[in-house]
Amino acid sequence: MKKLDQLTFDNRFARLGDAFSTEVLPEPIEQPRLVVASSAAMALLDLDPAEAQREEFAELFAGHKLWGEAEPRAMVYSGHQFGGYTPRLGDGRGLLLGEVVNAAGEHWDLHLKGAGQTPYSRMGDGRAVLRSSIREFLASEHLHALGIPSSRALCVTTSDTPVWREKQERAAMVLRLAPSHVRFGHFEYFYYTRQHEQLKVLGEHVLANHFPQCLTQDEPWLAMFREVLERTAAMIAHWQAYGFCHGVMNTDNMSILGITFDYGPYAFLDDFDANHICNHSDDTGRYSFSNQVPIAHWNLAALAQALMPMIEVEKLRETLELFLPLYQAHYLDLMRKRLGLGLTSAEDDDEALVQRLLQLMQQGKATDYSLFFRQLGEQAPADALQVVRNDFVDLAGFDAWGRDYLARCEREGQQQDERRARMHAVNPLYILRNYLAQQVIEAAEAGDYGPVRELHAVLSRPFDEQPGMQRYAQRPPEWGKHLEISCSS
Ligand code: AMP
Ligand code: MG
């Protein structure tokens, strides 16, 4: 276990030079206070969890101090935002402080979000507010605990520095960890500015450091694209299986590593609705829940375009065609598990069984998507069906589905205690609902960090029943289902 001053840096991205990022120092926030820290994320850096208690911890992660070996830089990238191309974006309010190497030899980018203005801030103030920082922190650690590929979050600090959004708010910072902060938009930037030499340098950096297994393939560039596509398909399958809506799937928010990245107005579905739009600013529903699948495909096509100088167009096209089948196989696999099926066999009709269930949920829009699966595993299938049945409007349709499901469970042939344990290991009891986030944000804004720390702890073990924490496992109150969250954060 290390102390804060014992971290080892190896800043590979910074070494690529000024075409890729600009040196910028963090601009501190006043009188920093630690809101919440993740000991699981600290462990990725081999940091002793007790280090979070030191004053120096909040000072480092609020921009007051810096390691001698850190080389803070703002990265340049561009991207397609809501379908339209923006030629230059970049880190407008975040800095890559440096890359830390842990004892296992893994590199972790330290990215401080809310660290002040950079050459890429455009009209922005370079700041992040407390509510959005808490939301990113909670989601990063929760998705990881759910088994959904994600960037991680080390801590949130806050301050008295005022920030203006629709009203005055508190400036805050969130320290994000990821093996890389390269986005699809990085490739687009060098492609569209016709800097194809730099495009190759960037690609070689990503290949060597993040996809070394592709280097030994006949066509390393193509192998890398294929792997990005596979990982993205797996990530989206997880989002759809667990009811996660990202909200801003612009290509600059898509990680080259296929991990969930850049949390904004995201939401987990409460009642199931395939057409749910979680981003209040998304007027056309481009990033609605069900659109996440075709949009991921669209984003991969945008990446493919930027890789054309390195890969033949026909091969890019062929690879893109693999997306939907890969996604569907992965999704079906996850949904089988959520239904307690597929251990002994996969059946052709399983896909229809899942689709019929979702259609029945869609008709009523009254089924709590997360609790449905948890309740289904709680008791023997016939009894569990009676419990969840009440939330459906087409009762005859649901009963017909239930009969097919029961028959399918019988063919699966599991003992109930074994079935329950397996289903509960994939169906969370606790889910990060927007209203829960809202409650702990309000407390934190008033200076009480107890609730956000408790919620973080509960959501870090979403599958385990935790004594005294029942209130986090409830359906949302009516007001909690209609919170409006927008991009402005
Ligand atoms: P996001 O919607 O957070 O993914 O951000 C899109 C782009 O806007 C990125 O280039 C951000 O760095 C930039 N940006 C967002 N908020 C701010 C801000 N408050 N100040 C400066 N740049 C910002
Ligand atoms: Mg972004």
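The values are calculated or read from the model by the stated rules, or taken from the named source; none is laboratory data. Predicted model, so just to flag it, every value in this text is computed and none were measured. Counting neighbours? That spans all protein chains shown, and the Cβs are built from the backbone with ideal geometry, glycine included. We work out accessible area using only protein heavy atoms, side chains counted, and drop any ligands, DNA or RNA first. Shrake-Rupley method; radii C 1.70, N 1.55, O 1.52, S 1.80 Å.
Observations, loosely collected:
- Degrees separating the helix 350-364 axis from the principal Cα axis of the chain, which is the longest one: 90
- Normalising the Debye intensity of segment 22-91 to I(0), with uniform scatterers on Cα atoms only, and taking log10 at q = 0.22, 0.29 Å⁻¹ returns -0.99, -1.25.
- Segment 414-458: GluC sites (Glu not before Pro) in DSSP coil with no more than 10 other Cβ atoms inside 10 Å: none
- Put H107, H144 in order of accessible area, highest first, and with a 1.4 Å probe you get H144, H107.
- Carbon/sulfur fraction of accessible area - segment 4-184, other protein chains in place, 1.4 Å, %: 50
- About the Cα centre, charge dipole magnitude for segment 334-489 (Lys/Arg +1, Asp/Glu -1 at Cβ), debye: 120
- Calculated FRET value between D448 and E314, using beta carbons and R₀ = 41 Å, to 0.05: 0.10
- Coarse-grained scattering of segment 237-349 at q = 0.11, 0.18, 0.20 Å⁻¹, given as base-10 log I(q)/I(0) from a Debye sum over alpha-carbon atoms: -0.43, -1.00, -1.13
- All Cα-Cα separations within segment 341-413 were binned at 10 Å from zero, giving a P(r) of 19, 57, 24, 1, each value a whole percent of the pairs.
- Full extension of the segment from R165 to A301, taken as 0.36 nm per residue of separation minus the current Cα-Cα distance, would add 45.5 nm.
- Among the protein heavy atoms of segment 294-340, carbon and sulfur supply 58% of the accessible surface, probe 1.4 Å, non-protein parts ignored.
- Dividing the convex hull volume of the alpha carbon atoms of the chain by its residue count gives 152 Å³ per residue.
- On a per residue basis, the chain carries 39 Å² of accessible surface, using protein heavy atoms and a 1.4 Å probe.
- Three principal axis lengths of segment 227-296 [C-alpha, angstrom, descending]: 32, 23, 19
- For D404, D391, D348, D91, the ranking by accessible surface with the largest value first comes to D348, D404, D391, D91, using a 1.4 Å probe.
- Multiplying the residue separation of N275 and R194 by 0.36 nm and subtracting their alpha-carbon distance yields 25.3 nm.
- With Cα atoms, 0 to 90° folded angle of helix 369-378 axis to the chain main axis: 50
- Cα long-axis angle, helix 292-306 against the chain (0 to 90 degrees, to the nearest 10): 30
- GluC sites (Glu not before Pro) within segment 137-226: DSSP coil, no more than 14 neighbouring Cβ in 10 Å: E166
- Modelled spin-label separation between S486 and Q362, with each label point placed 7 Å from Cα along the Cα-to-Cβ direction: 3.0 nm.
- Protein accessible area in segment 341-413, 1.4 Å probe - carbon and sulfur %: 47
- For the pair A382 and Q415, the difference between a 0.36 nm per residue extended length and the Cα-Cα distance amounts to 10.6 nm.
- Positive-end extreme of charge dipole, the chain - chosen from A267, I148, L353 (charges on Cβ): A267
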